[in-house]
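Let me begin by presenting the structure, written as structure tokens, before commenting on it.
Please treat every number below as a calculation from the coordinates, not as lab data. The structure displayed is predicted, hence computed values, not measured ones. Reconstructed Cβ throughout: ideal geometry from the backbone, glycine too, with neighbour counts over all protein chains shown.
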Amino acid sequence: MPLLEIRGLTATVGDTQILNGIDLTADAGEVHAIMGPNGSGKSTLAQVLAGNPAYDVTGGSVRYDGKDLLAMQPEERAQAGIFLAFQYPVEIPGVSNAYFLRAAYNEMRKARGMEEVDPLEFADLMDERLRLVDMDASMLTRSVNAGFSGGEKKRNEILQMAVLDPKLAILDETDSGLDIDALRVVANGVNQLRRPDNASIVVTHYQRLLNYIVPDFVHVLVAGRIVRSGTRSLALELEDKGYDWLTGGASGSASGGSFAAAGQSAAIGA
Amino acid sequence: MTPSAVAAPAAEGFLAAFEAVERGASVPGQVSANRRAAFDHLSTIGFPTTKNEDWHYTSVAPLLEHTFAPITARTGPVGRAQLVPFTFGATSWHTAVFVNGRFSPELSDLGRLPRGVRVVDLAGAWTTAPDLAGRVGTVATGRDQAFTALNAAFVYDGLVVDVAQDVHLPDPIHVIFLATADAAGAMTHPRMHVAVGARARATIIESYVSVADACYFTNAVTEVSVGEGATLLHYKIQREAERAFHVGTSEAVQARDSHYVSFSLATGSALSRTNVYTTLAGEGGGATLNGLYMLDGTQHCDHQTRIVHAQPNCFSRELYKGILDGRSHGVFNGKVYVHPIAQKTDGKQTSKTLLLSEHARVDTKPQLEIFADDVKCTHGATVGQIDRTALFYMKSRGIATETARRLLTYAFAADVLETLDVPEVRTTLERVTLERFTGMDATL
């Protein structure tokens, strides 16, 4: 049974249809990259998987770990092991990072039938996780993302991911706005968390990130549909040629068939 | 304000009580005469109705429906243990405790005051320290202010604080006004006068708290004089019983280069009104007026601030936040007057309200009257609900909706609580707020 199975997913925001029938299957142990030009629906897909109520799912199905994901509340999805690293992490002035992380961590433990940890035990865990993303402990006493630089916010997302230990991590443009050093730190964190029993979906506009987080599969999203799937070489091809050679065909067949889905399934089966 | 025909009889409701107090007067003749004058003034002006623009959003009719009796005799004993929830965990503070309006020497702790600091209870001071008691009424005259006049008519007990020039008082003076079950049906009119000498620094905390679910009426007035270059932190914690009525007025006058820092926390009372008034009467002074009110049920809580910029080069800062649930009603009216000579005035007022319920209501009214031309005065008011983006962000981390809402509610209040400069007060109020909205302990 695949960890994640998306079939014919369509979604709108307001009156605008963004996702036009996404098919994607991911197994444990895999890293999938989703690439595509601006406005192709990459972030929407990430937000829909995390359950953002700002988007309306209008069709299709998503099974996650044997469950109907779309029927689950965002917090239930998180408790079941889904983690979305936000493209724009939200600032929450007034709630300390430490308090926030511990609250989230304990919710996760409760959902998994484990005892909650007290602040002292949690501090030990944090020491170790902070090293993973090369963050200073002083970040913990600051309000969640408030006044953080772009790089600090992205690192903070990976820190949260490291603490919550997800089964399926979705990284939404985690590379955007990062300089090369920050990118390395973030990618290193992600790679260290990579295991045979979890999976990642890496959403990115640029190939650059994939030099550091090496994907098993690459999917190209255009106009709300996966138009091409392949291995890492597809990303390199995109780097070389840009998106134009794929977008022309896709936008012309907005109501067309699902050749991409077939190609993608074949790739995964291979 | 012109007294209205409807309002005037309301003072009649206090006449019997006033005459009873007058008969039992144990105050010097001049004080008695001042009381009579105050009552006469009150009878003339009457109590405000909602036609009075200062009381437009707050009707005092529910308060005037009651006939509250003055407390003349001392009430039943109170143990120190009963005070513990209200002392902020502080042990080194100077504490003056009033039980149902009467000073309690047994519960108070004023023995370690440094040289240059005098703290006396008003009931005793009328005869033993007339120089201090005589200050009453010099800052807050009660003219055209019905509740201040009412306080003046019944004035008896309270506290007079004098901090001599250049004295820095590191520990706060905490004045606790405690209501017990004996307060049911009664009213108290505590009066304080606080004078801080030139270049001195002090902290006064007033707590209005209750150990009983009783219906009573507190009508407090605190007069403040901040000397040249002096700093006074003046915090007021209003956590009266849920059925109680509370009117509290602080009126300050500030000399050159002084700083008056006021904080008002209001969570108690069925109907409360807090007035914070200050006059920047010397150049280069500053006033910081902050507050937080958290209401639920059918509570009504009104804050009126008034900052008078009477001299040039002064600043004023205001940040008021309200969190309203249930069918509660919050009111914030921030007045700023800038006199023609008060050039280079720098004023900023912010009022933010978080509505947790569709039935809660807030009225905010900034009121800037500026008669100088070279000033910078801004005001801003927002009324909002829980931020959906932040809510989703927290839920996406596995935090349940209700917990996330509560945590965000606490976060809304956090920045104004951070302005509290007394660590024990800040920590306690942060915990009280966090517990109120999350039920979680605030460690970390």
Compactness of the range B:328-425 - radius of gyration and Dmax, Cα, Å:
18.1, 58
Spatial extent of the protein assembly as shown: Rg and Dmax, with the Cα atoms as the point set, Å
31.8, 104
In Å³ per residue, the alpha-carbon convex hull of the range B:137-273 encloses 96 Å³
Lysines near A:Lys67 by alpha-carbon distance under 29 Å, same-chain residues fewer than 8 away left out - which ones?
A:Lys42, A:Lys110, A:Lys167, B:Lys395
Net +/- balance of residues flanking A:Ser143 in space, Cβ distance below 14 Å, scoring K and R +1, D and E -1:
-4
Given backbone amide H placed at 1.01 Å from N, residues whose amide H is under 5 Å from that of B:Asp363, ignoring those fewer than 5 places away on the same chain, are B:Gly330, B:Val331, B:Phe332
Counting only DSSP beta bridges fully inside the range B:68-386, the antiparallel percentage to nearest 5 is 5 percent
At 222 nm, what value in deg cm²/dmol follows for the protein assembly as shown if DSSP H runs of at least 4 each add -39500 (n - 2.57) and the sum is divided by all its residues, to the nearest 500?
-8000 deg cm²/dmol
Mean-position separation - Cα centroids, the range B:84-114 and the range A:27-53, in angstrom
61 Å
I want the antiparallel fraction of DSSP beta bridges within the protein assembly as shown, as a percent rounded to 5.
15 percent
Net charge near A:Val117: determine it from the other residues with C-beta under 10 Å of the C-beta of A:Val117, scoring Lys and Arg +1 and Asp and Glu -1.
-3
The orientation-averaged projected area of the Cα convex hull of chain B, in nm², is 20.8 nm²
Taking K and R as +1 and D and E as -1, what net charge do the other residues with C-beta under 14 Å from the C-beta of A:Gly51 add up to?
0
Spherically averaged projected area of the range A:126-189 from its Cα convex hull (nm²):
4.2 nm²
Straight-line reach only, C-alpha to C-alpha below 18 angstrom: list the lysines that B:Lys321 could link to, leaving out same-chain residues fewer than 8 apart.
B:Lys236, B:Lys335, B:Lys348, B:Lys352, B:Lys365
I'd like the distance separating the alpha-carbon centroids of the range A:116-141 and the range A:164-216, in whole Å.
21 Å
Hydrodynamic radius (Kirkwood) for chain A, which is based on Cα pairs only, to one decimal in Å
19.0 Å
Write down the percent of antiparallel bridges among all DSSP beta bridges whose residues are both part of chain A, to the nearest 5.
55 percent
Taking 10 °C and 1.306 mPa s as the conditions, I'd like the Stokes-Einstein D for the range B:172-225 in µm²/s, using the Kirkwood hydrodynamic radius from alpha carbon pairs.
125 µm²/s
Taking the Cα centre of chain A as origin, work out the dipole magnitude from +1 charges on Lys and Arg Cβ and -1 charges on Asp and Glu Cβ, in debye rounded to 20.
420 debye
Past the 15 angstrom mark, what percentage of all C-alpha to C-alpha distances in the range B:387-444 do you count?
49 percent
For chain B, calculate the relative contact order in percent as a whole number, restricting contacts to Cα pairs under 8 Å that are 6 or more residues apart.
9 percent
Report the charge-dipole magnitude of the range B:387-444 in Debye, nearest 20, computed about the Cα centre from +1 at each Lys and Arg Cβ and -1 at each Asp and Glu Cβ.
380 debye
